1. I need the full set of residues from region A:43-52 which are more than 11 Å from chain B (Cβ to nearest Cβ) and either in contact with a strand residue (DSSP E or B) (Cβ under 8 Å, 6 or more places away or on another chain) or farther than 22 Å from residue B:44 by Cα (or both), in order please.
2. Restricting attention to region A:49-94, report how many residues are in a helix (DSSP H, G or I) and under 30 Å from residue A:30 (Cβ atoms).
3. Residue A:24 - would you say it is under 25 Å from residue B:140 (Cα atoms) and surrounded by 16 or more Cβ atoms within 10 Å (Cβ to Cβ)?
4. Just give me the residues in region A:1-13 being more than 11 Å from chain B (Cβ to nearest Cβ), in a loop (DSSP other than H, G, I, E, B) and in contact with a strand residue (DSSP E or B) (Cβ under 8 Å, 6 or more places away or on another chain), in sequence order.
5. Hey, residue A:39 hits all of (1) in contact (Cβ under 8 Å) with a residue 24 or more places away in the chain; (2) under 19 Å from residue B:38 (Cα atoms); (3) in contact with a strand residue (DSSP E or B) (Cβ under 7 Å, 6 or more places away or on another chain) but one; which does it fall short on?
6. Run down B:34, B:78, B:87, B:25 and say which single residue is at negative phi and free of Cβ contacts under 8 Å to residues at least 60 places away in the same chain.
7. When you check residue A:48 against the structure, is it in contact (Cβ under 8 Å) with a residue 12 or more places away in the chain, farther than 22 Å from residue B:140 by Cα and surrounded by 13 or more Cβ atoms within 10 Å (Cβ to Cβ), yes or no?
8. Just wondering, is there one or more residues in region A:80-93 that are farther than 24 Å from residue B:147 by Cβ and under 21 Å from the mean Cα position of the chain (by Cα)?
């Protein structure tokens with residue numbers, strides 16, 4: 001019998017970051033406890049201003065053996081990268 | 001140590017409470033039931049030690065005898081400590097630690113909220129800084145008490161035993177003595193009798209949710225905050241905590 005609490009994936013939005021970033025995982029009995037644990041484990045050095053927690057089993061992941069079909073077709077297509085435009089400074093971070 | 005200055009005594013009470021409880025909680029470091037709790041308890045211990053530096057730093061200034069916060073923490077003996085008896089009680093099991101924490105945190109938050117209105121600006125400043133940390137402490141310990149009380153039969157039995165064990169140490173926190181009365185009269189600290197009413201309402205609400213029964217007794221151990229009679233546990237704690245400064249006086253890093 002497994003006595004461990006469910007696993008949660010933790011996402012933190014940093015002080016200056018624009019989006020939440022995956023920082024790791026932890027165990028907790030429920031979502032409130034998961035946020036508190038995330039606060040204690042991942043923001044104790046003032047790393048973040050917002051925390052998301054997601055039950056790990058709700059994350060659907062691609063399979064490592066599918067890397068060929070999934071990613072190789074994009075490798076030789078440089079024209080898919082919008083690097084040929086000058087972006088005005090006023091636009092800011094994109 | 002002279003007890004002639006109630007203000008100095010009061011500052012030692014605040015600082016000694018956070019110092020002794022901070023040390024107790026730090027004893028869990030590396031031993032907690034799960035990693036997440038281990039880190040959380042270490043964070044709380046560090047918050048408390050940080051608050052100790054502020055309270056005992058001010059106490060040393062007020063005393064004006066050239067002692068520092070470190071001197072007060074590391075070079076006094078049992079009878080000079082002004083911490084309440086509850087904070088020196090051993091950790092016991094995890095439930096006992098968390099029950100001690102919740103009862104102390106609830107008192108601590110009310111005390112700090114009162115102190116933010118202190119007529120002594122230095123006291124109000126320290127309280128304003130500490131109150132944010134303690135709001136989190138009480139939220140966490142309260143949630144854990146509810147989780148354990150309203151959990152399994154085993155966790156319920158253990159945390160109820162912890163409440164029965166810790167309850168007689170609550171009264172001391174709220175029983176005013178000459179120091180408390182002097183601080184109230186001077187506008188430095190809040191009224192403990194008023195605080196107790198709020199405390200009982202808040203604790204009752206959490207215990208009801210946790211399905212725990214508060215003992216029907218107002219018996220209160222005392223002698224901690226006056227320094228008159230600490231329990232045997234404080235001496236053992238100091239032996240551990242002060243060992244380095246005693247064996248290597250002035251050691252620094």
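Each value in this text was obtained by applying a stated rule to the coordinates, not by laboratory testing. Because the structure is predicted, anything quoted here is derived from the model rather than measured. Note that we place each Cβ from the backbone using ideal geometry, even for glycine, and neighbour counts take in every protein chain shown.
1. Quick first cut of region A:43-52, residues more than 11 Å from chain B (Cβ to nearest Cβ) only: A:46-52.
If the condition is that a residue be more than 11 Å from chain B (Cβ to nearest Cβ) and either in contact with a strand residue (DSSP E or B) (Cβ under 8 Å, 6 or more places away or on another chain) or farther than 22 Å from residue B:44 by Cα (or both), then A:47, A:48, A:49, A:50, A:51, A:52 are the ones that fit.
2. In the first step, residues of region A:49-94 are kept if they are in a helix (DSSP H, G or I); the result is A:56-58, A:64-74, A:78-80, A:89-91.
Still in the list and also under 30 Å from residue A:30 (Cβ atoms): A:56-58.
Residues meeting the conditions: 3.
3. Details: under 25 Å from residue B:140 (Cα atoms): yes; surrounded by 16 or more Cβ atoms within 10 Å (Cβ to Cβ): no.
It is false that residue A:24 is under 25 Å from residue B:140 (Cα atoms) and surrounded by 16 or more Cβ atoms within 10 Å (Cβ to Cβ).
4. The one that is more than 11 Å from chain B (Cβ to nearest Cβ), in a loop (DSSP other than H, G, I, E, B) and in contact with a strand residue (DSSP E or B) (Cβ under 8 Å, 6 or more places away or on another chain): A:6.
5. (1)
6. Details: B:78 fails: free of Cβ contacts under 8 Å to residues at least 60 places away in the same chain; B:87 fails: free of Cβ contacts under 8 Å to residues at least 60 places away in the same chain; B:25 fails: free of Cβ contacts under 8 Å to residues at least 60 places away in the same chain.
Just one listed residue meets the conditions, B:34.
7. Numbers: in contact (Cβ under 8 Å) with a residue 12 or more places away in the chain: yes; farther than 22 Å from residue B:140 by Cα: no; surrounded by 13 or more Cβ atoms within 10 Å (Cβ to Cβ): yes.
No, not satisfied.
8. Within region A:80-93, the subset farther than 24 Å from residue B:147 by Cβ is A:80-93.
Pick out the ones that are also under 21 Å from the mean Cα position of the chain (by Cα) and you get A:93.
Yes, region A:80-93 contains a residue that is farther than 24 Å from residue B:147 by Cβ and under 21 Å from the mean Cα position of the chain (by Cα).
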